[in-house]
Amino acid sequence: MTGSIRGAWRATAVLAGTAAATTLLLSGCGAGQIAETAARVPTSVGNNAQSADNQFKVRNLSIDYLSTTGYPAGADAPLTVTLFNDSDKPVTVRVSSEGARTVVLAGAASGSPTTPPPANPTPTAAESPNPGGSPSGDAGSPSPGGSASPTATATPTAAPETPAEIQIPARSFVLLNKPTGRWLQLNGLAAALPPGASLPLVFDFGGTPVQTQAPVAVPLQPAPVATPVIEEGGGGHE
């Protein structure tokens, strides 16, 4: 075998060995790695739905997380949701659910404003002092029947639950959650609602219903783990 042939075989062997080493190196670097898409966190943790014509949308709908045991039957559960009106007209949204007694609009911003009292109220005739400074002759006299008539007192009553109605202007949206001060709330759950469960809701956009499920949101941090109890003798048990 001539020197040129031996040189050619030597170069081929070196190239083959380099390629094999490169292949092993690349396969070793890729082993155990997670793809970039697998590490991405979704921007929406709730459920999304929309009408057939795509003019009305329900976005990021979820029931606020409470605890590892969830909500008991009869409890109230706040919701987080964003409602979109992409039509050219304002719309009134009404919300209902078969899993609760009613769905109400809660928060300070949902109440009607009250009229403040006048700055300088004028005393009534009963409150006006006697111009002469002396007490009236019949101020404390009993009634002709011999006994004073009882005064009627008003009994406070609970405020009625009004089903939720949300006004959304044309080409606009509304965000409803506790941080904004106004939110939707499920009052009187029909059954217990543990983490991982969901309830059906109907959003009626002025005659266009959008039906979807409201899942219980996941917690922002894991639940605390119970620590073992250390006995005096140094032993421990769960």
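Taking a point 7 Å out from the Cα of Ala73 in the direction of its Cβ, the residues of the stretch 187-204 whose backbone N falls within less than 18 Å of it are 187-195, 197-200. Protection proxy ranking for 197-203, 182-188, 171-177, 49-55, using the average of other Cβ atoms within 10 Å per residue and placing the highest first: 182-188, 197-203, 171-177, 49-55. Ranking of Ser87, Ser67 by solvent-accessible surface, largest first: Ser67, Ser87 (1.4 Å probe, protein heavy atoms only, all chains present).
Considering only protein heavy atoms, with the full assembly of protein chains and a 1.4 angstrom probe, order Lys57, Lys178, Lys89 by accessible area, largest first.
Sorted by accessible area, descending: Lys89, Lys178, Lys57.
If contacts are Cα pairs under 8 angstrom and at least 6 residues apart, what is the relative contact order of the stretch 57-104 in percent? The value is 37 percent.
The values are calculated or read from the model by the stated rules, or taken from the named source; none is laboratory data. The shown structure was predicted, so the numbers you read here are calculated from the model rather than taken from an experiment. Virtual Cβ from ideal backbone geometry, glycine too; neighbours counted across all protein chains shown. Each accessible area value is taken on the protein alone, full model and side chains, heavy atoms only, with ligands, DNA and RNA left out. Shrake-Rupley method; radii C 1.70, N 1.55, O 1.52, S 1.80 Å.
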